[in-house]
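Please treat every number below as a calculation from the coordinates, not as lab data. Please read all numbers here as calculations on a predicted model, not as lab measurements. Here the Cβ positions follow ideal geometry from the backbone for every residue, glycine too, while neighbour counts run over all protein chains shown.
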Amino acid sequence: MMHILGTRITQIALIVVILASLVFVLATNAGGTIVLSSPRVETLEPHPHTESDSADDTGHGILFDSYVTVENDVWITAIDVELYNAPPHILHHLILSSSEGPDPECPDTAQIRDYIAVGQDTPRTFKFEAPYGIRILKGTELHLSTMLHNPERQGESGRTYKDVQATVRLTTASKADVRTKNIELLRIAVQDTPYCSKDPKGPGFSVPPHVERYIKIPNDGKDRGRFVASTPGTIIDGYAHIHGWDGGRSVSLYLNDKEIITWKTHAETPTDSPIESWRTPQLPLQFDVKQGDTLSVSSEYTNSSNEAVRNAMGAARVFFYPEVGG
Ligand SMILES: [Cu+2]
């Protein structure tokens, strides 16, 4: 399935190219890797952009869905996401997941297992030390959702990129590299919407106008800004996603309301691009969790403009090893 958001005439040519390039969806499972790719976009034109654009707006970005079925039981030891032929910020987001059937807690929605979710600011390479790994069973259908986004910045005419493609490579453990502890990616994010709204690219939250320091905290009751551990376990690593370009500053993670870590975001200009990108660096993170412990997040934003920021995001993404039944 594929969505194309766009109305401009220049994008009509692009649509044709995308349809033709769908056959480039690549899936291999040889030599210890599983590779999924977005279709290759031969010509990625810039589109006009305003301060208040959101990912849901017409013309905002191009969303692809690619699928591959895993042929053997595997343990994933590393994940690498790459974007070819465009600067990092062009990859708006990429999410690898599988559907685990109906969600008993949220009627009419599927329970989604996430493997990795990267945004413009997040790390793109992940490595898991033995005995940890991500276990994927034979027959699992992996779903890669990729959004490319090529905005015209203020005061710039925008740039066109050629042959743009995003790839995620999963390294699988060899027989000698024994992994026994299956980790899962928890996405703990503050948002305005109720628990059962599960749009993976948001929705986030709004930041009111004219606020120097706005702290978004989880909503009351069951909320995605909070995770209650149903088994003891270990957080072995983590990272965060913040919209620095919209005034986002940081995300903090708490264990039973005690701050564990704060990730801060900053702008930088990569050597291969004249355009600023945002980075939220990964920091060492490892701690034990007891059954019943609560992990929660808060996110700090600033907004000096006259308009509210829509679709702000503040998310911690942590790798959790649950000692099931432990
Ligand atoms: Cu985001």
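Values computed for the structure shown
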{"item": "Cα Rg over Rh - segment 183-322, Kirkwood", "result": "0.99"}
{"item": "For Asp163, Asp223, Asp257, order by how many other beta-carbon atoms lie within 10 Å, fewest first", "result": "Asp257, Asp163, Asp223"}
{"item": "In order through segment 305-313: 3J(HN,Hα) via Karplus (6.51 cos²θ - 1.76 cosθ + 1.60), integer Hz, x for Gly, Pro", "result": "7, 7, 10, 5, 7, 9, 6, 5, 9"}
{"item": "Inverse mean reciprocal Cα-Cα distance (Kirkwood Rh) of segment 271-321, Å", "result": "15.4 Å"}
{"item": "Neighbourhood net charge (14 Å Cβ-Cβ; Lys/Arg +1, Asp/Glu -1) for Thr231", "result": "-2"}
{"item": "Enclosed volume per residue, in Å³, of the convex hull spanned by Cα atoms of segment 58-176", "result": "149 Å³"}
{"item": "Cβ-based exposure ranking for Thr160, Thr77, in which fewest neighbours within 10 Å come first", "result": "Thr160, Thr77"}
{"item": "Mean Cα-pair separation over length for segment 183-322, i.e. relative contact order, pairs under 8 Å, 6 or more apart, %", "result": "43 percent"}
{"item": "Summed residue charge, Cβ within 15 Å of Ser37's Cβ, Lys/Arg positive, Asp/Glu negative", "result": "-2"}
{"item": "For segment 115-129, 3J(HN,Hα) per residue [Karplus equation, 6.51 cos²θ - 1.76 cosθ + 1.60, θ = phi - 60°, Hz, x = Gly/Pro]", "result": "9, 8, 9, 10, x, 4, 9, 7, x, 10, 10, 9, 9, 10, 7"}
{"item": "Local electrostatic count, Lys138, Cβ distance below 14 Å [Lys/Arg +1, Asp/Glu -1]", "result": "-2"}
{"item": "FRET efficiency estimate (nearest 0.05) - Cβ-Cβ, Thr33 to Lys198, R0 25 angstrom", "result": "0.30"}
